[in-house]
1. Just need a number here: residues in segment 84-141 that are under 30 Å from SER46 (Cβ atoms), touching a Ser or Thr at 6+ places or on another chain (Cβ under 9 Å) and not small (Gly, Ala, Ser).
2. Checking ILE52 against (1) in contact (Cβ under 8 Å) with a residue 40 or more places away in the chain; (2) within 17 Å of MET136 (Cα to Cα), which single condition isn't satisfied?
3. Could you list, in sequence order, the residues of segment 121-153 that are crowded, with 16+ Cβ neighbours inside 10 Å, of a type outside the set (Phe, Trp, Tyr) and over 18 Å from VAL82 (Cα atoms)?
4. Give the number of residues within segment 114-143 that are in contact with a helix residue (DSSP H, G or I) (Cβ under 8 Å, 6 or more places away or on another chain) and either in a helix (DSSP H, G or I) or among the hydrophobic types (A, V, I, L, M, F, W, C) (or both).
5. Of all residues in segment 52-70, count the ones that are touching a helix residue (DSSP H, G or I) at 6+ places or on another chain (Cβ under 7 Å) and outside any loop (DSSP other than H, G, I, E, B).
6. Please go through segment 71-88 and pick out each residue that is closer than 18 Å to LEU50 by Cα, in a helix (DSSP H, G or I) and not β-branched (Val, Ile, Thr).
7. Restricting attention to segment 32-47, which residues are closer than 19 Å to LEU142 by Cβ, in contact (Cβ under 8 Å) with a residue 60 or more places away in the chain and out of contact with any Gly (no Cβ under 6 Å at 6 or more places or on another chain)?
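The values are calculated or read from the model by the stated rules, or taken from the named source; none is laboratory data. Everything numeric in this text was worked out from a predicted model, so none of it was measured. Neighbour counts are summed over all protein chains in view; Cβ atoms, including those assigned to glycine, are modelled from backbone coordinates with ideal geometry.
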Amino acid sequence: MATDDEFEFELDLKNRNVAALLAWLVPGVGHLYQGRTSKGIVIFLSISLLFITGLQMSGGKAVYCSFRNPDLRWQFVGQFFVGSASVPAIIQNRVVRGQEKKLGVVIKPLFGGKFAPPTSTERLQWHEDYHAYFQMGTLYTLVAGLLNLFAIFDAYCGPFVLFRELATKEDESKEDESNL
């Protein structure tokens, strides 16, 4: 029969705030900081490959920040949790929207236009050029961000341990029965 000692383990989460920030900046780095190397590597590889695959499917256009009609980009909220890969989209949004306010100024996004919100004609062209791959790329990058949200939570709170609690309750009930 399993005892409490078999389920006991000590895990030093170090500074949980720093671990969560590192996990947001680069997926898996928060776990590496905590000494959970294999978990950090798996998180880094899986989330990074999923995000890069989504970008490749969409020609690098699936990640951009826009919260204006007619292009309300709610998917970016999930993509944001991929971390530092989403920061250029926020910068591009601020640059483009700031230039739009100035009349007669030609909009010149940074980084060659990568991660910049599209004009309505550009968005229609993207859908025509990439068909369903643009939507699939958006989905892949969205899922990568949401998975990293779980990784950030794990870096902050540590692993979820359910079986230790169940084993403790079973052992207590058996001890009570034997005392009768």
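1. Summing the residues that are under 30 Å from SER46 (Cβ atoms), touching a Ser or Thr at 6+ places or on another chain (Cβ under 9 Å) and not small (Gly, Ala, Ser) in segment 84-141 gives 13.
2. With respect to (1) in contact (Cβ under 8 Å) with a residue 40 or more places away in the chain; (2) within 17 Å of MET136 (Cα to Cα), ILE52 is out only on (1).
3. The one that is crowded, with 16+ Cβ neighbours inside 10 Å, of a type outside the set (Phe, Trp, Tyr) and over 18 Å from VAL82 (Cα atoms): ARG123.
4. 15
5. 4
6. Of everything in segment 71-88, those that are closer than 18 Å to LEU50 by Cα, in a helix (DSSP H, G or I) and not β-branched (Val, Ile, Thr) turn out to be GLN75, PHE76, GLY78, GLN79, PHE80, PHE81, SER84, ALA85, SER86.
7. SER46, ILE47
Each row is one residue, and each column tells you yes or no for (1) in contact with a Cys (Cβ under 8 Å, 6 or more places away or on another chain); (2) modelled with pLDDT under 95; (3) under 20 Å from PHE160 (Cβ atoms).
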position	(1), (2), (3)
ALA2	no, yes, yes
GLU6	no, yes, yes
LEU11	no, yes, yes
ALA23	no, no, yes
TYR33	no, no, yes
GLY40	no, no, yes
LEU45	no, no, no
PHE51	no, no, no
SER66	no, yes, no
